[in-house]
Every structure is written in C-alpha cells, then in structure tokens.
Amino acid sequence: MSISRPVAPPMLSPQRLAVSLMFLANGFVVGSWAPKIPEFATRLELDESELGLMIMCFGIGSLCAMPAVGALISKNGSRTVMRVVAASTIPCLMFVTVAPSVWTAAIALFLIGALIGGMDVAMNANAVEVEKRQGRAIMSSCHGFWSLGGVAGAGLGGVLIALYGVHVHAVIASALTGIIVAISWPRILADPPHRQSPEPEQSAASIPRPGLLTAGAAVWLTGFICLIMMTPEGAILDWGALYLREELGADPALSGLAFGAFSAAMALMRFLGDLVRDRFGAVRTFRVSAILAMIGLTTAGLAQTPELAIAGFAVAGLGFANTVPIAFSAAGNLPGLPQGLAISVVTFMGYSGILFAPSLIGFVAEHTGFSAIYLTLPVFVVMPLVFSGLMRHADRQAG
C-alpha cells in the first residue's frame, strides 16, 4: 500500500505570476512618469518649488487612497479591488500628458497617485494571500518585479520621449501597461473578503502570551518600522548624488551612481530574498538585513571618496531590500486584524517615509551636511532591530 505525499506547489504558479506582473505594471507606470517631469515643468512654466508642490500632489493622492482601498479589500477581497484600480491605472499617464493648466495637472497627479497607491495596497494584500496558499515566501521577488518595472519604465520612457515626444510615449506606455494587466487579469488569485485574520485563539502557534502587543499596537509598530526602513531610500534617491558632488567632489557622471548602485543591489537581493527567507526564517533574515543596511549607511557616511560612498550605498541596498517586503508579509498575517486594513496602515506609514522625510532631511542637511545624515540614519534602524520579533508573523504563510 503506497502512501501519498502532498505535492508542493510550483515555484511559479499562475497566481504568483499574476501578482508579480501587477507589481511590474505598477513600477512601470511610476518609472514612466519620471522622464516626463522635465517636459511637464517646462510646459506648465513651473519653477523648482512649484514643481515640488505638484509632485507632492502625487504623494498626497497615494496616502489618501491607501486607507480607503484597505477598507474595500476588507469587504470585497483583493482580487476585485486590484482589477479595478489596475484597469483604471492604464490611461493615467495620458491625463498628466494632456493637462492644459496647473490646476488640471495637479488633479491629474493626485488621481495618478491615488491609483498607484491603491494598487500598491491591493497587490501587496494579494501577494500575502498567494504566500498563504503556496506556503512559501514570494513578497521579496514581487517587490523585485516592482523595481524592474521602474527601471524599464524610466529607461524606455527616456528613449521614447527623445525620439517621438511625450504624447507618443504616453500612448505606448499605456498600451504596454494594458498588456501586462491583461495577461494578469484571468490568473489573479481569488480571495475572500479580508474581514479578519485568524483570531489568536484559533491557532496554537498564535496564542497570546503575557506582555505581547495588542493587534492594533502591533500593526502601528510594524508601520513605524516600515517608515524607518523606507526613509533611507528617499534620502539616497533625493540627496545621494548631491552628497557625492558637494561633499566628496564627484563629477556628475559618478554622482549619478549613488542611487543607481543602491537600487541595483536592492533589486538583485529582492529576487534572492524569498529563498533566503524560506531558508533562515523571517526574523533572522530581517535582523541580518537590518545590520547590513546599518553597515552600508555608516560606510557611506564615513567615506572619504565617492567610490567608497557608492559601495556603501550598494551594501545598504542589499540590506534594505528584504526588510520592507518581510514587514508587509508580517502585517498581512497579524492575527485578529482585517488583512487589507493592516497592509494599508503599514503601506501608508512606510511610503510617508519616502514622500515626506527627504524634505526634512534636506532642511537638516543645510546645517549639518549629508555625511551626518547618513551616519544618523543607522541609529534609527536600532528600533526595528529591537522589535524584529514582530516579523515572525511573516512565516505564517501556510494557512
């Protein structure tokens, strides 16, 4: 008599492919917006401060949409919501391309930000569901596809705008986004409404012990961890090149490698991160990654040459790559909380770090210099290390 053994799900199931492509599409739209900014500013006659306010409309739209989408996911499940926001995102680049005035452009940017932010919450919620069904980590590679989409959107956008102009670029970028969404559409995992994650008493592994945080406190603390871990990304994106040029004497070509080295290392490690997390567990992976990020930032802050600073940013990218995906998975598995709402809170707080912290960093750097900033950021990472035990919820994929 033979004993049947459970068959492990394939590494790349249709549902995993679908949600990965949604991350790719989201990153592609964001990346496609970046090379449009110079023409956008020239067409509307915006100076730097006015352009900064316009770009802030994008961020405000994202932050406004995230909690609302979380509530919709709780009622309808992530597949339905993700399909709606993804389909609505397809033509959004056209809106900002044809906007005739500052006010219509501001509305268009707010709308794009809302759609991108809402899609971000929905696809992260769906990725958590896929993790549960497959019993293995996929979140880091999903975020790797987002990075890949961003690079592809920015690179292709620059070429198309130079050759054919912004209108042709918007049409082609929208068409490519539509193709990616269409491929994903029938394969997206159908999930029930995320009214509540399993209650603690329903699982022996999650029975509360004295001194444990309440579910509400845990999700806000996880969100604060994401804020701290995503702030350095904004600090390097917005200020890394200026740091290399003004304080380390790098030429323009070399200074551009600050964020390039960081993002390339991050994308590489994200595609490896799921294997690492499945092998060593979420908590250990998070702790080692956080320490690696601290080493990288400290190296960049202490560097006396541009090359050493670039190497430090690359090490930081390797470290930060998997911390946020693990935190998102942990939020989606917190017991006793609606999954969509938990992820929307964490996403809201995390992206606040990228959107708004760089402005504060720029103000402080005027008085201290950027070297002091990059030496201070690792101090804040100590808090996520102290509370890294929360990341154990990310290992609750098998449901």
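The values are calculated or read from the model by the stated rules, or taken from the named source; none is laboratory data. Just so it is clear, the structure is predicted and the values come from calculations on it, not from any experiment. Quick reminder, even Gly has a Cβ in these numbers, built from the backbone with ideal geometry, and neighbours come from all protein chains shown. All accessible areas refer to the heavy atoms of the entire protein, side chains included, with ligands and DNA or RNA removed. Shrake-Rupley method; radii C 1.70, N 1.55, O 1.52, S 1.80 Å.
What FRET efficiency would be calculated for the residue pair Ala190, Gln304, taking the C-beta separation as r and a Förster radius of 51 Å, to the nearest 0.05?
Result of the calculation: an efficiency of 0.35.
Quantify how much of the Cα-Cα distance distribution of the range 254-310 extends past 17 Å, in percent. All intermediate terms of the calculation are to be shown ahead of the outcome.
On the way: 747 of 1596 pairs.
For the range 254-310, the share of Cα pairs beyond 17 Å comes to 47 percent.
Mind listing the phi-derived Karplus ³J(HN,Hα) values for the range 289-302, rounded to whole Hz, using 6.51, -1.76 and 1.60 with θ = phi - 60°, and x for any glycine or proline?
Once θ is set to phi - 60°, the couplings for the range 289-302 become 5, 5, 5, 4, 5, 4, 4, x, 5, 5, 4, 5, x, 8 Hz.
With viscosity set to 1.567 mPa s and temperature to 4 °C, compute the Stokes-Einstein D of the range 318-399, Rh being the Kirkwood radius across alpha carbon pairs; µm²/s, no decimals.
89 µm²/s
Given a 1.4 Å probe and every protein chain left where it sits, what share in percent of the accessible area of the range 230-334 is carbon and sulfur? Don't skip to the answer; put the middle values down first.
Working: 2640 of 3930 Å².
Roughly 67 percent, rounded to a whole number.
Find the accessible area per residue for the chain; the probe is 1.4 Å, ligands and nucleic acids are left out, and the unit is Å².
Using a 1.4 Å probe on heavy atoms only, each residue of the chain averages 43 Å².
Sorted from largest to smallest, which semi-axis lengths in Å does the alpha carbon gyration tensor of the range 64-202 give for its equivalent ellipsoid, taking the root of 5 times each eigenvalue?
Values: eigenvalues 198, 64, 28 Å².
Largest first, the range 64-202 gives 31, 18, 12 Å.
Pull out the extension gain between Glu39 and Asp251, defined as 0.36 nm times the separation in residues minus the alpha carbon to alpha carbon distance; nm, one decimal. Show your work: numbers first, answer last.
Values: separation 212, 0.36 × 212 = 76.32 nm, distance 2.51 nm.
Answer, rounded to one decimal: 73.8 nm.
How compact is the range 254-385 by the rule of thumb for globular proteins, expressed as Cα Rg over 2.2 N^0.38 Å? All intermediate terms of the calculation are to be shown ahead of the outcome.
Working: Rg = 15.7 Å, N = 132, 2.2 N^0.38 = 14.1 Å.
Here the answer is 1.12, to two decimals.
Averaging the inverse of every distinct alpha carbon separation and then flipping it gives the Kirkwood radius. What is it for the chain, in angstrom units?
21.5 Å
Hey, any idea what % of the range 107-161's accessible area is carbon plus sulfur with a 1.4 Å probe? Please list the in-between numbers first.
Numbers: 1110 of 1400 Å².
Result for the range 107-161: 79 percent of the exposed heavy-atom area is carbon or sulfur.
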